1. For the stretch 316-351, what are the residues that are outside any helix (DSSP H, G or I) and not small (Gly, Ala, Ser)?
2. Which helices (runs of 4 or more DSSP H) does the stretch 126-244 wholly contain that include 3 or more residues that are under 21 Å from the mean Cα position of the chain (by Cα) and not small (Gly, Ala, Ser)?
3. Testing Ala423 on (1) surrounded by fewer than 22 Cβ atoms within 10 Å (Cβ to Cβ); (2) part of a helix (DSSP H, G or I), one condition comes back false. Which one is that?
4. Picking from Phe73, Phe102, Phe58, which residue would you name as being aromatic (Phe, Trp, Tyr), closer than 21 Å to Ile123 by Cα and in contact with a Ser or Thr (Cβ under 7 Å, 6 or more places away or on another chain)?
5. Within the stretch 437-446, identify whether any single residue is part of a helix (DSSP H, G or I), without any contact (Cβ under 8 Å) to a residue 60 or more places away in the chain and closer than 21 Å to Gly303 by Cα, and answer yes or no.
6. Looking at the stretch 119-139, which of the residues that are among the aliphatic types (A, V, I, L, M) and free of Cβ contacts under 8 Å to residues at least 40 places away in the same chain is surrounded by the fewest Cβ atoms within 10 Å (Cβ to Cβ)?
7. Anything in the stretch 197-235 that is under 13 Å from Ser276 (Cα atoms) and touching a strand residue (DSSP E or B) at 6+ places or on another chain (Cβ under 8 Å)? List them, or say none.
8. Looking only at the stretch 162-173, decide whether some residue is under 30 Å from Phe80 (Cα atoms) and out of contact with any Phe, Trp or Tyr (no Cβ under 8 Å at 6 or more places or on another chain).
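The values are calculated or read from the model by the stated rules, or taken from the named source; none is laboratory data. Because the structure is predicted, anything quoted here is derived from the model rather than measured. Note that we place each Cβ from the backbone using ideal geometry, even for glycine, and neighbour counts take in every protein chain shown.
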Amino acid sequence: MQINLILPEIVLIVTVLMLFAASLLKRKGKVKAAIVMAGSGLASALTLLSLFWSGSLFCGAYQIDVLSQLSKFFLTGGLFLVSYMSRDLAGIEEEMRNEFSFFLSLSTLGLVMMSSAVELLTILVCLEISSYALYVVISFRLNPGQRQEVEAGIKYVIFGAAATGISLFGLSYVFAFCHSTYLVEISRQMPEIIGAQSLAVIGMVLLLSGFFYKLAMFPMHAWTPDIYQGASNETTAFIATLPKIGAAVLLVRLVHVTGEGGGAFTWVLVVLAVLSMTFGNLAALVQDDIKRLLAYSSIAHAGYMMVGLLSANQLGLAAVLYYIAGYVLMNLACFVVIYYLAPQGQNITFNDLKGLHQRSPILAFTLAAGAFGMAGIPPTVGFTGKFVIFTAALDRGFYGLVVIAMVNAAISAFYYLKMARAAYCQGEGIEVKPIKLAWGTKVLGAFIVLAIVVIGSLPQMLMTLADQAVAVLM
């Protein structure tokens with residue numbers, strides 16, 4: 001076996017073991033944050049070095065290619081940014097801080113392995129490794145007198161177990177038709193089978209449900225608002241970003257195996273995309289809690305990504321990878337503001353955003369960049385991502401779907417711009433208390449803003465990498 005092909009995974013495994021040992025020795029939270037940042041930073045660098053390596057391990061169940069390595073770079077880079085942002089763990093109970101970093105790193109390890117898994121049982125095992133770690137950390141929130149986090153944790157477990165059961169049921173249908181759990185074998189048979197067998201359509205939809213759950217895609221979205229609101233700001237920042245990367249990459253692999261002529265399967269996904277976009281945006285309009293608003297927003301963005309997946313061509317699938325990278329940056333921009341605006345880990349509302357530009361110009365600008373990006377305003381990555389996804393859908397003839405998506409994007413602009421308006425236009429007559437930020441936090445905010453604008457204005461490099469990643473499937 002070529003060990004050099006899995007060096008990022010080895011680094012993450014060592015990081016997890018070190019964090020486990022540190023938790024036993026009761027080391028301080030900052031020590032564990034340093035371990036996570038060092039491990040994720042090294043793993044991220046190794047994925048860049050191995051970006052164009054290729055190989056197959058473990059009897060063909062584990063594939064190293066550009067798609068897997070690009071996904072691992074997004075995941076490990078995302079873990080570094082989330083860990084750096086929440087290095088103080090202000091919203092986590094004191095006695096739980098020893099284990100928090102361990103479980104987040106373990107969840108990331110599961111997602112990283114899932115990126116290379118090309119066999120259905122292996123994929124589900126990696127998905128469960130990631131999920132079980134998150135089931136634990138949701139209830140770690142510092143929230144005296146309230147038990148929202150416990151309710152959120154229970155809901156996440158119940159919905160997660162249901163999603164896994166549904167996926168396993170769908171897997172049984174796929175195996176019955178294709179007599180294999182390897183994606184390469186399924187891709188040879190499924191395009192013909194899914195056009196002729198209604199049960200094959202049902203099987204694929206059920207199989208995808210577990211990944212719809214991670215992506216917060218309708219109808220597997222019901223957990224999202226309560227978990228975003230009930231979990232700590234640190235945990236929510238992780239849940240809102242990294243699992244969605246893993247889900248998007250796996251959906252790219254799984255949707256590709258059905259081919260471009262999915263027939264009834266395609267129309268099922270069209271309906272789900274429309275419902276996801278419309279429900280998410282309409283529900284977000286009436287939210288006052290910012291994390292709950294972002295939860296419904298994530299449901300809508302899952303619908304936009306489904307538009308790219310439905311294209312099932314190289315441009316559409318590459319656009320999904322580009323979009324998910326931008327979505328992570330835009331979400332992190334919002335969560336950086338939430339984290340530093342709530343030093344005790346409390347949830348924030350629109351009232352808390354008032355006068356933010358006077359209290360902290362860098363946080364206000366970071367929030368505006370994230371909000372403008374998710375609204376799809378140029379020159380942000382959100383605008384470019386939507387443009388490429390809609391272009392790919394138009395190439396496939398999904399004119400009505402693109403019109404609905406554009407209407408939904410216009411609706412979403414209302415509540416995204418409402419966030420920016422609260423930060424910049426509602427500071428009169430209130431007491432201004434400056435928010436003191438460390439220089440490292442200011443650098444983090446500036447980096448995220450710069451990345452949102454630069455990747456949106458100059459998308460060629462990332463789109464080229466995404467195109468090369470998808471090309472390995474074609």
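1. Of the stretch 316-351, the ones outside any helix (DSSP H, G or I) are 342-349.
Within the stretch 316-351, Pro343, Gln344, Gln346, Asn347, Ile348, Thr349 meet the criteria.
2. Values: elements: 148-178, 183-196, 198-215, 224-230, 233-239.
Fully inside the stretch 126-244 and qualifying: 148-178, 198-215, 224-230, 233-239.
3. (1)
4. On the way: Phe102 fails: closer than 21 Å to Ile123 by Cα; Phe58 fails: in contact with a Ser or Thr (Cβ under 7 Å, 6 or more places away or on another chain).
Result: Phe73 is the single residue among Phe73, Phe102, Phe58 that is aromatic (Phe, Trp, Tyr), closer than 21 Å to Ile123 by Cα and in contact with a Ser or Thr (Cβ under 7 Å, 6 or more places away or on another chain).
5. Of all residues in the stretch 437-446, those part of a helix (DSSP H, G or I) come to 439-446.
Next, only the ones that are without any contact (Cβ under 8 Å) to a residue 60 or more places away in the chain stay: 439, 443.
This time we only want the ones that are closer than 21 Å to Gly303 by Cα, so: none.
Within the stretch 437-446 (the criterion being part of a helix (DSSP H, G or I), without any contact (Cβ under 8 Å) to a residue 60 or more places away in the chain and closer than 21 Å to Gly303 by Cα), the answer is no, since none of the residues qualifies.
6. Keep residues of the stretch 119-139 that are among the aliphatic types (A, V, I, L, M), which gives 120-121, 123-125, 127, 129, 133-134, 136-138.
Right, trim to free of Cβ contacts under 8 Å to residues at least 40 places away in the same chain and you get 125, 129, 133, 136.
Values: Val125: 14, Ile129: 17, Ala133: 21, Val136: 18.
Residue satisfying both the conditions and the ranking: Val125.
7. At the first step, the residues of the stretch 197-235 found to be under 13 Å from Ser276 (Cα atoms) are 212-213, 215-222, 224.
Across the stretch 197-235, there are no qualifying residues.
8. Residues of the stretch 162-173 that are under 30 Å from Phe80 (Cα atoms), as a first pass: 163-164.
Imposing the further condition that a residue be out of contact with any Phe, Trp or Tyr (no Cβ under 8 Å at 6 or more places or on another chain) reduces the set to 164.
Yes, there is a match, as at least one residue in the stretch 162-173 is under 30 Å from Phe80 (Cα atoms) and out of contact with any Phe, Trp or Tyr (no Cβ under 8 Å at 6 or more places or on another chain).
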